[in-house]
Amino acid sequence: MAAEVEKRPVLEMVQADGADDGCVTFVMHNEDHTLGNSLRYMIMKNPDVEFCGYTITHPSESKINFRIQTRGGIPAVEPLRKGLSELHDVCQHVLNTFQARVTEFKDGQEKPME
């Protein structure tokens with residue numbers, strides 16, 4: 001019989017007892033510096049964010065502790081969602097631009113040389 005694999009959520013929200021919604025640590029499983037640093041950059045562009053940072057607890061673990069603190073009583077989930085959405089848009093733009101240039105290159109290769 002195959003061993004059962006423990007299913008964890010991809011994202012967990014960790015909050016101290018009595019803390020407000022503007023100060024939250026998100027634990028992102030199966031992620032590393034690639035997502036952590038780029039997402040941190042996108043979230044820090046938000047003027048409602050007072051602090052945003054991440055740590056990787058140990059090199060052998062593939063999880064990020066991602067901390068967000070906001071100003072003005074805004075829930076930390078909002079800048080996280082906005083940052084993920086903006087990062088997705090940037091990645092989609094890069095992918096579309098890359099694919100367009102690859103197509104241009106391939107079309108140029110098919111033309112006979114003069």
Next item on the list: Specify the residue that is modelled with the highest pLDDT; the eligible residues are those in the range 41-74 that are farther than 16 Å from V14 by Cα and of a type in the set (S, T, Y).
Entry: Y41
Check: Conditions: (1) open to solvent by 60 Å² or more (accessible area, probe 1.4 Å); (2) modelled with pLDDT of 95 or more. V77 meets all but one. Number of the miss?
Finding: (1)
Next item on the list: Pairs only if they're at least six apart or on different chains, beta carbon under 7 angstrom, first in the range 5-26 and closer than 11 Å to Q69 by Cα, second at pLDDT 85 or above and assigned to a loop (DSSP other than H, G, I, E, B); list them, first residue then second.
Entry: D21/P75; D21/A76; G22/G73; G22/I74; G22/P75; G22/A76; C23/A76; V24/A76
Notebook entry, point to check: Is at least one residue of the range 51-64 free of Cβ contacts under 8 Å to residues at least 60 places away in the same chain, in a helix (DSSP H, G or I), open to solvent by 80 Å² or more (accessible area, probe 1.4 Å) and not aliphatic (A, V, I, L, M)?
Noted result: no
Notebook entry, point to check: A16 is checked against (1) within 18 Å of the chain's Cα centre (by Cα); (2) open to solvent by 40 Å² or more (accessible area, probe 1.4 Å) and fails just one. What number does that condition carry?
Noted result: (1)
Checklist line | Residues satisfying the stated conditions in the range 19-38, i.e. open to solvent by 70 Å² or more (accessible area, probe 1.4 Å) and in a loop (DSSP other than H, G, I, E, B) | finding: D20, D21, N30, D32
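The values are calculated or read from the model by the stated rules, or taken from the named source; none is laboratory data. Computed from a predicted structure; not experimentally measured. Note: ideal-geometry Cβ built from the backbone for every residue, glycine included; neighbour counts use all protein chains shown. Note: areas computed on protein heavy atoms with side chains; ligands, DNA, RNA excluded. Shrake-Rupley method; radii C 1.70, N 1.55, O 1.52, S 1.80 Å.
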